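Following: one structure in structure tokens, then a few remarks.
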Amino acid sequence: MASLKTRERILQASLALFNAQGLAAVSTHRIAADLGISPGNLHYHFNAKQLIVERLFRRFEERLELLNASAANVRAIDDLWLSLHLRFEAIDAYRFVYRDMAYLSGEYPALGQRAQALTAQNLLAAQALCEALVAAGVIEATAEQAQMLALQMVFTTTCWLSFERLVPGRDALQQADPGLAAYYTLTLVSPYVSRESRAYLDFLRGKYLG
């Protein structure tokens, strides 16, 4: 039990440091110092930084896979906003993954390949989500428009943190607002939203921009 608790403490400390300082800047010695344990103790549980990164990446995968599995059940604009909000929360909780993807892929090629596979899953889920919204009469779009909308949504969620760090006056490593990011992404569907479903978009516009 004590060993499991130490492993979890290492993972949580590593996640916080990777998010705050960037994946490349954090060594196992830095993680051990942050926890107040010896490097040897840390290496007993994870004998390489790669193993820590892999475990955290797997947790990130699991969160997105769970959201992808429920994508086809989205049937209303407020459901879509919630789905996007939960996705941005997951991305923000493990923001080092997408923000430091170039470094991660170069340093750990196998994880880069898994990131590509995850993106393919995200695209399929977004396509199923858009098709479900069309079928429910929430948006009015052709099959080609729904496909392009799905692509735009995945592009936005994937590149959100890279864009955030380029905004003037924004701290590149600070937490962003998943709710606001979800709203901005939701505006991609605005041109296709049926009259009956537009009220929730107007509510969110007042909440975030009013």
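Every read-out reported here was derived from the displayed coordinates using simple, explicitly stated rules and does not represent laboratory data. Quantities reported herein were computed from a predicted structural model and do not represent experimental measurements. A quick note on method: Cβ atoms are made from the backbone with ideal geometry, for glycine too, and the neighbour counts reach across all protein chains shown.
For the pair residue 24 and residue 47, the difference between a 0.36 nm per residue extended length and the Cα-Cα distance amounts to 6.5 nm. Report the calculated FRET efficiency for residue 177 and residue 103 (r = Cβ-Cβ distance, R0 = 35 Å), to the nearest 0.05. That pair, residue 177 with residue 103, gives E of 0.90. Note on residue 78 and residue 207: the extension gain reaches 45.1 nm, defined as 0.36 nm multiplied by sequence separation minus the Cα-Cα distance.
For residue 139, the amide hydrogen comes within under 5 Å of the amide hydrogens of 134, 194, counting only partners 5 or more places away or on other chains and with H modelled in the peptide plane.
Modelled spin-label separation between residue 6 and residue 163, with each label point placed 7 Å from Cα along the Cα-to-Cβ direction: 4.4 nm.
The charge dipole of the stretch 55-209, taken about its Cα centre with unit charges on the Cβ atoms of Lys, Arg (+1), Asp and Glu (-1) only, comes to about 240 debye. Using the charge dipole of the chain (Lys, Arg: +1 at Cβ; Asp, Glu: -1 at Cβ; taken about the Cα centre), state which of 41, 4, 26 has its Cα farthest towards the positive end. Towards the positive end, the residue furthest out is 41.
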